[in-house]
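So the structure is just underneath, and the comments pick up after that.
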């Protein structure tokens, strides 16, 4: 499983890529693998506010339906709308075309509370035990 | 044990009705005639319907005779698999046998040929049955009052949560959150959200149980209540339930007990004695009425005294041997379904309870627990048990220890080749690759042994010949379905 070093990770299996004051959020390789084939993704409206560790959307796979939690707080500046028609992109390319939302962060310090790739790797190992 | 031999000859590859006769027969064999289209040349009748709305050509109804249609549906029904065909260990669904006595009683003309619009004095027997069933459910659960109206389990949950809401509102106490443990049925958060509450997930301990300290941490004056299932979805009895309920009550919250797993407790323990304030009964599970294919269900809801004013209307009352509807309940959450609920299901549940009696219900629960534990012990050397200690009416295995190329789904599909309905899979979510087995009290030791043998064999196949699992099922009318396409691009109508 792949956990890129330039990303930060949450305990609920989302990744964040910091780009200036913005944060791109997606599901980790581990999360997409656990969910299995994704059939539907519900994302928020652009312009809406999301709060750290609260649900901003829903992902539905052949196995389960789960909330998507935001690792950081902020305003939604862009959502990956092609996922409406092609949710399988999250399975195929979780760190690329399968990104979920882009946020304008309200508190950049929240990033510090997230795990780095190495810590997340250990966290996943412990969880799948 | 070998999978049953390949069966052909009497297994039909049944086409759609529209495809039975691809070419229109020269002589129509239709079991019924449709009138000529009003706008066609053959029609002489003037019409008041605007001509743009009238058809010009006859409808494309398949040209089939009555026996052809009858055989089509009879053949399709032979593809079905229900508890009357064989073992159906679908965890959390309590697929128990529906005694034929239930059907005989439900077919009595006094029950089968009445109409809900008939005045109460013409249907006294039916009202009496409902009144007595409500009292029996109250006695079994230890609650004070019961409404039979909700049409299914989740509907009962919603009614219960609406009553909790009405209770807080009547006290001028606006609360906005509901606590739900991570082992909950998926319907629990859904019912809470529909009732207008914010759902807060509460983690269970490493022992799979909800702990009072954890609940106390989450409890404050903004929490309307806690919703939990006991025994929980891991098949474990929530042994701290009294302390958990106390922690909720201490901060003014109420406890909703999902009665979906009541089959483990009948006649042995009463939710009302554990601090539960409101509960729903899944008559179609616990009380033996048939519920394959999504219905019909019945989800009566029982409450403690302090919630009684909020029960749905009408309530069936008895005065000096006369039964009537009581609509005069100003604090009621209102009417929640058509008429008085799914009456046919109530008749069957009533027959089941009266036939078994108190001792019989307790015996049924004990046997359900015994059967689940028998499977647990016989299979624990072959499949990983995350909670190895004694379970109640169901047990949950994980995919730990399976070869990495084999999934829980493959295992479930392979069970079909051995002639069994697969157990529930990937639920509860707290168990990785969960396989949840609920045998119910209906099954004999011989059936359980056959199932165990098949499971052991499949565990061997998983290691020695994983392809058998990955390509299963082979012995069903259709093989592995494309679940992704079925979810994303379902074809809902026939297209020429």
Practice task
State the number of residues belonging to region A:54-92 that are exposed (fewer than 15 other Cβ atoms within 10 Å of the Cβ), away from chain B (no Cβ under 11 Å) and closer than 20 Å to residue B:199 by Cα.
Solution key: 1
Practice task
Considering every residue within region B:421-433, establish whether at least one is over 28 Å from residue A:31 (Cβ atoms) and surrounded by fewer than 20 Cβ atoms within 10 Å (Cβ to Cβ).
Solution key: yes
Problem - Residues that are away from every other protein chain (no Cβ under 14 Å) and in contact with a helix residue (DSSP H, G or I) (Cβ under 7 Å, 6 or more places away or on another chain), drawn from region A:1-15 - result: A:2, A:3, A:4, A:5, A:7, A:8, A:9
Handout entry: Filter result (in a helix (DSSP H, G or I), touching a strand residue (DSSP E or B) at 6+ places or on another chain (Cβ under 8 Å) and within 13 Å of chain B (Cβ to nearest Cβ)) within region A:32-51
Key = A:35
Fill in the blank from the handout: Out of (1) surrounded by fewer than 24 Cβ atoms within 10 Å (Cβ to Cβ); (2) in a helix (DSSP H, G or I), the one residue B:206 does not meet is (2)
Handout entry: Count of residues meeting criterion [buried (at least 24 other Cβ atoms within 10 Å of the Cβ) and free of Cβ contacts under 8 Å to residues at least 60 places away in the same chain] in region B:248-275
Key = 2
Handout entry: Top-ranked residue of region B:434-449 - restricted to ones that are within 14 Å of chain A (Cβ to nearest Cβ) and touching a helix residue (DSSP H, G or I) at 6+ places or on another chain (Cβ under 8 Å), ranked as surrounded by the most Cβ atoms within 10 Å (Cβ to Cβ)
Key = B:435
Practice task
Return only the number of the condition from (1) part of a loop (DSSP other than H, G, I, E, B); (2) more than 29 Å from residue B:425 (Cβ to Cβ); (3) touching a helix residue (DSSP H, G or I) at 6+ places or on another chain (Cβ under 7 Å) that residue B:382 does not satisfy.
Solution key: (2)
Exercise for the section: Would you point out which residue out of B:473, B:466 is closer than 27 Å to residue A:127 by Cα and either surrounded by 18 or more Cβ atoms within 10 Å (Cβ to Cβ) or touching a helix residue (DSSP H, G or I) at 6+ places or on another chain (Cβ under 8 Å) (or both)? Expected result: B:466
Exercise for the section: Being surrounded by fewer than 17 Cβ atoms within 10 Å (Cβ to Cβ) and within 18 Å of residue A:113 (Cβ to Cβ) is the filter here, so list the residues in region A:32-51 that pass it. Expected result: A:51
Problem - Options B:348, B:329, B:319: the member that is at pLDDT 95 or above, touching a helix residue (DSSP H, G or I) at 6+ places or on another chain (Cβ under 8 Å) and surrounded by fewer than 17 Cβ atoms within 10 Å (Cβ to Cβ) - result: B:329
Completion exercise
Residues of region B:159-190 being more than 20 Å from residue B:215 (Cα to Cα), crowded, with 24+ Cβ neighbours inside 10 Å and in contact with a helix residue (DSSP H, G or I) (Cβ under 6 Å, 6 or more places away or on another chain), in sequence order, are B:163
Exercise for the section: Consider residue B:71 carefully, then state whether it is over 25 Å from the mean Cα position of the chain (by Cα), touching a residue at least 24 places away in the same chain (Cβ under 8 Å), more than 22 Å from residue B:282 (Cβ to Cβ) and not in a loop (DSSP other than H, G, I, E, B). Expected result: no
Completion exercise
residue B:155 vs (1) within 16 Å of residue B:342 (Cβ to Cβ); (2) out of contact with any strand residue (DSSP E or B) (no Cβ under 6 Å at 6 or more places or on another chain); (3) outside any helix (DSSP H, G or I): all pass except (3)
Problem - In region A:17-31, the residues that are more than 16 Å from residue A:105 (Cβ to Cβ) and either within 14 Å of chain B (Cβ to nearest Cβ) or without any contact (Cβ under 8 Å) to a residue 60 or more places away in the chain (or both) - result: A:30, A:31
Completion exercise
Residue hits (region B:105-137; surrounded by fewer than 18 Cβ atoms within 10 Å (Cβ to Cβ), out of contact with any helix residue (DSSP H, G or I) (no Cβ under 8 Å at 6 or more places or on another chain) and part of a helix (DSSP H, G or I)) are B:109, B:121, B:122, B:124, B:128, B:135
Exercise for the section: Considering each residue of region A:77-112, count those that are outside any strand (DSSP E or B) and either closer than 13 Å to residue A:18 by Cβ or touching a strand residue (DSSP E or B) at 6+ places or on another chain (Cβ under 8 Å) (or both), and give that number. Expected result: 19
Handout entry: Members of region B:385-432 that are under 20 Å from residue B:466 (Cα atoms), in contact (Cβ under 8 Å) with a residue 24 or more places away in the chain, part of a loop (DSSP other than H, G, I, E, B) and within 12 Å of another protein chain (Cβ to nearest Cβ)
Key = B:399, B:400, B:407, B:432
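The values are calculated or read from the model by the stated rules, or taken from the named source; none is laboratory data. Note that the structure is a prediction, hence the values are computed from the model and not measured. Reconstructed Cβ throughout: ideal geometry from the backbone, glycine too, with neighbour counts over all protein chains shown.
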